[in-house]
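Asks: Can you read through this structure? Questions will come right after.
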Amino acid sequence: VLQISKDDVTALQCKVVCLIQNGNFKEALGVINTHTKVLTSDVIAFEKAYCEYRLNRIENALKTIQSASQQTDKLKELYGQVLYRLERYDDCLAAYRDLIRNSQDEYEEERKTNLSAVVAAQSTWEKVMPEDLGLREATYELCYNSACALIGQGKLNEAMKKLRKAEELCRQSLSEDSDVTEEDIEAELAIIHGQMAYIMQLQGRTEDALQLYNQIIKLKPTDVGLLAVIANNIITINKDQNVFDSKKKVKLTNAEGVEHKLSKKQLQAIEFNKALLAMYTNQADQCRKLSASLQSQSPEHLLPVLIQAAQLCREKQHAKAVGLLQDFADQHPANAAEIKLTMAQLKIAQGSVTKACMILRSIEELQHKPGMVSALVTMYSHEEDIDSAIEVFTQAIQWYQQFQARTNYGRCIFQPKSPVHLSLIREAANFKLKHGRKKEAISDLEELWKQNPKDVHTLAQLISAYSLVDPEKAKVLSKHLPSSDTMSLKVDVDALENSHGATYVRKKAGKLTGDNQQKEQGQGDVKKKKKKKKGKLPKNYDPKVTPDPERWLPMRERSYYRGRKKGKKKDQVGKGTQGSTTAGSSELDASRTASSPPTSPRPGSAAAVSATSNVIPPRHQKPAGAPATKKKQQQKKKKGAKGGW
């Protein structure tokens with residue numbers, strides 16, 4: 001037909017539709033563009049917009065739809081899809097609501113599924129509280145989208161239940177078709193299992209999540225978007241560990257067509273993780289390149305500059321990192337607070353605590369926060385700068401006195417007797433007392449007591465503080481304390497006495513009286529007496545010989561001690577010059593005697609001499625062999641053995 005008539009409108013329309021059915025979208029769009037005079041927007045607007053949509057020319061598709069003179073139902077359906085891809089979720093929600101309200105055909109279930117997908121996207125990416133659309137979750141797609149919306153709200157347990165229901169519905173619906181195999185069912189369930197693993201990861205069950213992620217990858221699903229998300233999540237679990245596995249998983253995020261399957265925030269998260277992985281693998285240039293690219297795409301985003309600063313710190317360039325963060329804080333005051341906190345952390349890591357305090361105090365919106373006050377006071381105390389610490393307390397207290405604190409929703413939360421305000425005053429008083437600033441502490445405690453005169457704890461603190469400065473004033477204030485009679489102390493005395501600590505004290509108690517004393521004595525009779533160990537007797541002990549009464553005294557102090565006997569041989573040796581002899585040397589010459597003495601003494605002669613010459617009375621006798629074995633006994637003395645017997 002076209003050979004006969006090139007510009008036949010019906011033939012050209014048929015050709016375009018045939019090309020679309022065959023998936024030749026580029027060729028179909030070429031036919032439309034070459035016959036613009038004949039194929040006007042009124043005639044073929046839907047086909048042209050659809051080709052542009054399938055070729056991922058989303059902006060062009062939107063223009064084509066908007067330029068059409070008549071908005072047909074087909075164009076409205078496509079318009080909703082285009083808005084979803086452009087992440088214009090509010091407009092998309094309105095478009096699908098209008099479609100569901102004004103159309104009645106067999107595609108109603110698909111429209112409801114798309115509507116629930118839009119609500120899930122709003123909850124996940126825009127943190128919008130989803131409204132109840134009243135959709136009956138009869139299909140696994142609707143259950144899955146409802147679970148995604150719950151994940152966006154942080155309701156992870158409820159989301160997991162929905163996903164299990166979606167899994168069950170999916171198995172039921174697919175198992176009814178005899179042509180569907182188990183592998184096909186698992187492939188269809190892959191996206192549901194991937195979302196389950198994501199919930200496990202958020203709950204801290206990283207091992208279970210990792211196992212499920214790897215199972216999905218083994219199935220080799222055709223959805224490149226699903227594979228990219230799973231690979232990215234595995235990289236986040238690995239962090240700076242198992243880097244080789246992470247580098248393999250990064251390849252899945254670079255697959256062709258991934259950018260058309262994922263949202264902008266998903267793609268951005270993947271790029272951030274690539275930059276972090278480059279930092280962990282010491283690819284400094286690659287890390288800088290990726291983070292610089294991310295910063296150019298999102299100039300106000302914090303992560304790119306934080307990654308660059310982290311890389312500089314790894315290279316020991318802390319000053320340069322602080323300078324980079326300072327420049328970003330000056331250019332983007334809205335994000336200055338978080339950046340300055342990071343700068344302070346770097347200064348602390350360098351040991352510059354005072355400079356870190358100066359940076360923290362420059363964050364005006366956080367100066368009065370209890371956490372900031374606590375951090376600054378701790379740091380100043382570490383540096384022994386008590387005046388600066390007290391100044392931090394004073395500024396925070398003044399802020400609560402002069403200004404009203406409001407939440408993000410504009411609801412006033414300031415009260416004259418705000419708990420935060422009172423707690424700050426109390427902490428300031430305690431700090432001043434601890435560091436000897438008694439008068440300043442007293443003024444704070446007086447203010448607290450005026451605001452709450454019934455606070456006995458504050459009054460007691462005030463009296464304690466005055467007792468150090470003005471005892472008379474402390475006595476006057478003590479009259480305001482409640483009497484002991486009015487104070488009802490709910491104490492179980494029996495339980496207190498029978499407690500572990502009291503039992504120990506009772507054992508050490510004083511004298512018992514009356515029946516208790518008899519009772520204690522009666523209990524003491526039952527107890528077995530400990531047997532005393534018998535002392536060990538010396539080895540040379542002789543029961544027939546009376547022991548030496550002075551055996552406990554040192555040898556020098558005993559009555560029979562005559563001093564150390566010096567050797568006789570030394571006296572007999574001559575002390576003159578070499579070769580000289582002494583007067584007694586002749587006595588040692590055997591040749592001068594008439595007859596030599598016998599080679600051995602006669603039996604009993606030597607013993608008789610010794611027995612008659614050195615006789616010691618029985619009361620002065622020592623155990624035989626005591627002097628010879630004294631040292632050995634001292635060295636080998638065992639535990640429990642005694643020196644005597």
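Each value in this text was obtained by applying a stated rule to the coordinates, not by laboratory testing. Nothing here was measured: the structure is a model prediction, and the numbers come from that model. FYI the Cβ positions are ideal-geometry reconstructions off the backbone, even for glycines, and counts take in every protein chain you see.
Asks: What ranking do 238-248, 152-162, 319-329, 472-482 get when scored by the average of other Cβ atoms within 10 Å per residue, highest first?
Replies: 319-329, 152-162, 238-248, 472-482
Asks: At a 10 angstrom cut-off on C-beta neighbours, averaged per residue, how do the peptides 164-171, 110-117 rank from highest to lowest?
Replies: 110-117, 164-171
Asks: Any chance you could run the full-extension gain for Ala284 through Lys544? It's 0.36 nm times the residue separation minus the Cα-Cα distance, nm to one decimal.
Replies: 83.9 nm
Asks: Glu186 to Lys165: FRET efficiency via 1/(1 + (r/R0)^6), r the Cβ-Cβ distance, R0 25 Å, to the nearest 0.05?
Replies: Taking R0 as 25 Å, the efficiency between Glu186 and Lys165 is 0.90.
Asks: Can I ask one more? Kindly state, to the nearest 0.05, the FRET efficiency for Lys320 paired with Ser362, given R0 = 22 Å and r defined as their beta-carbon distance.
Replies: 0.60
Asks: So, one more: Could you rank the peptides 141-151, 17-27, 209-219 by their average count of other C-beta atoms within 10 Å per residue, with the highest value first?
Replies: 141-151, 209-219, 17-27
Asks: In the structure displayed, which of Lys220/Lys261; Lys76/Lys165; Lys162/Lys251; Lys127/Lys155 lie more than 22 Å apart, Cα to Cα?
Replies: Flagged as over cut-off: Lys76/Lys165; Lys162/Lys251.
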